[in-house]
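Participant: Let me give you the structure first, and then I'll get to my questions.
Computed from the coordinates by the stated procedures, all read-outs in this text should not be read as laboratory data. Since this is a predicted model, take the numbers as computed values, not measurements. With ideal geometry, Cβ positions are generated from the backbone for all residues, glycine too; neighbour counts draw on all protein chains shown.
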Amino acid sequence: MSIERPRRLRATPALRRLVAQTRLDAADLVLPVFVRDGISEPHPISSMPGVVQHTMDSLVRAAREAVDLGVGGIMVFGVPREEDKDATGSVGLRPDGILNAALTRLRDELGDETVLMSDLCLDEFTDHGHCGVLGQDASGRSVVDNDATLEVYAQMALAQARAGAHVVGPSGMMDGQVRVIREALDGEGFTDIAVLAYTAKYASAAYGPFREAVGSSLQGDRRTYQQDPANRTESLRELRLDLAEGADLVMVKPALPYLDVLADVAAAVDVPVAAYQVSGEYAMIEAAAAQGWLDRDRMVLETLTSIRRAGAQIVLTYYAAHAARLLGGAP
Ligand code: PBG
């Protein structure tokens, strides 16, 4: 028997707590929320039990509750009326569009008490469901037009900044998106609005429930702009570009199946790194827990710990308020 006995440090809860290298704190968690236009009651999302599409009022209550529990930030997604969707996602630019109206309301209610983040993407607002506007390539095929999309993103960034977002989160994976957003914001004096870049965003089946959550109109897939799950160093390339373009925070998404990528990114940067435990990751835990196949709360804390251990300082998770409660936050 070797003289080294690692079990010594596992003997009591107090010892384990003392030597724990990763701690969870509600302040590191961000709660993604959905607000839907034209509903008078919160609407359940069947593939995400416990998560709802909010009305404006229930959104404010949920955000207030999360803030009181010590959650670090709120990421807002807007779900417009079907009839307001169009080819360019114009309702995403309107100050009275659901997302911008919700940001305005939340900033009025919460001020600087929390970090208000907005999803900066077109997929919720376009009638074709793509993250950008469509165009034609030189041979006449329909494609997502990268550079035409950038112009819309720049306008959207300004609309969200005017509405009260502290941080904008471009999630569309268009090349050059961080640069145009940074330039647009700075050009209008919004130099303090930060950009949380969805730096390494993979084309994942784990976004399935989210498509229900936002009533997505997408036919087809996003493989021409989101990354191929087979690739690893491509994320470092995306990272290099986002940092050069002025990203303040960088994100890896999904989280659990991409902890290797997360560790690579975390090792390479000096800006805060976030990871997004996405809708499908949530749904998997919920489905298994509902069957009695695993212990939900332990699984929640274990997955969040793993994501932090791999290098994420900040974790976006639909469990943010729940985890804060488990961690012993106030009410
Ligand atoms: C795009 C966006 C998506 C998610 C966050 N931002 C959907 C997509 O890329 O298809 C997914 C988040 C989740 O699955 O929880 N606006």
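Participant: Which value in Å is the Kirkwood Rh of segment 11-125 over different Cα pairs?
Facilitator: Answer for segment 11-125: a Kirkwood hydrodynamic radius of 15.7 Å.
Participant: Another question, then. What number comes out for the charge environment of Asp248, summing +1 per Lys or Arg and -1 per Asp or Glu over other residues with Cβ under 12 Å away?
Facilitator: Charge balance in the 12 Å sphere: -3.
Participant: Relative to the longest principal axis of the C-alpha atoms of the chain, give the angle of the C-alpha long axis of helix 296-309, reported between 0 and 90° and rounded to the nearest 10°.
Facilitator: On a 0 to 90 degree scale, this one is about 80.
Participant: May I ask you to order 287-293, 265-271 by the average number of other C-beta atoms within 10 Å around their residues, highest value first?
Facilitator: The peptides rank, most packed first, as 265-271, 287-293.
Participant: Still on this structure: Relative to the longest principal Cα axis of the chain, at what angle does helix 279-290 sit, 0 to 90 degrees, rounded to 10?
Facilitator: 50
Participant: Ok, one more. So if each residue of separation counts as 0.36 nm, and I subtract the Cα-Cα distance between Arg10 and Thr191, what length gain in nm does that give?
Facilitator: Contour length minus Cα-Cα distance gives 60.3 nm.
Participant: So between Trp293 and Arg141, what do we pick up on full extension, going 0.36 nm a residue minus the alpha carbon distance?
Facilitator: So the chain would gain 50.0 nm between Trp293 and Arg141.
Participant: In degrees, nearest 10, range 0 to 90: what is the angle between the Cα axis of helix 233-245 and the longest Cα principal axis of the chain?
Facilitator: That helix lies at roughly 60 degrees to the long axis.
Participant: Can you compute the charge dipole magnitude of segment 23-328 about its Cα centre, using +1 on each Lys and Arg Cβ and -1 on each Asp and Glu Cβ, nothing else charged? Give it in debye, rounded to the nearest 20.
Facilitator: 620
Participant: If you don't mind, another one. Each residue of segment 110-118 in order: what ³J(HN,Hα) in whole Hz does its phi give by Karplus 6.51 cos²θ - 1.76 cosθ + 1.60, θ = phi - 60°, with x for Gly and Pro?
Facilitator: Along segment 110-118, the couplings run 10, x, 9, 5, 9, 9, 8, 10, 10 Hz.
Participant: Would you mind working out the magnitude of the charge dipole of segment 241-317 relative to its Cα centre, with +1 at each Lys and Arg C-beta and -1 at each Asp and Glu C-beta, to the nearest 20 Debye?
Facilitator: Its charge dipole is roughly 240 debye.
Participant: On each of the three principal axes of the Cα atoms of segment 23-328, give max minus min coordinate, whole Å, ordered largest first.
Facilitator: 53, 45, 38
Participant: Turning to a different aspect of this structure: Once you put a point 7 Å from the Cα of Glu82 and another 7 Å from the Cα of Gln155, both along the Cβ direction, what distance in nm separates them?
Facilitator: 2.6
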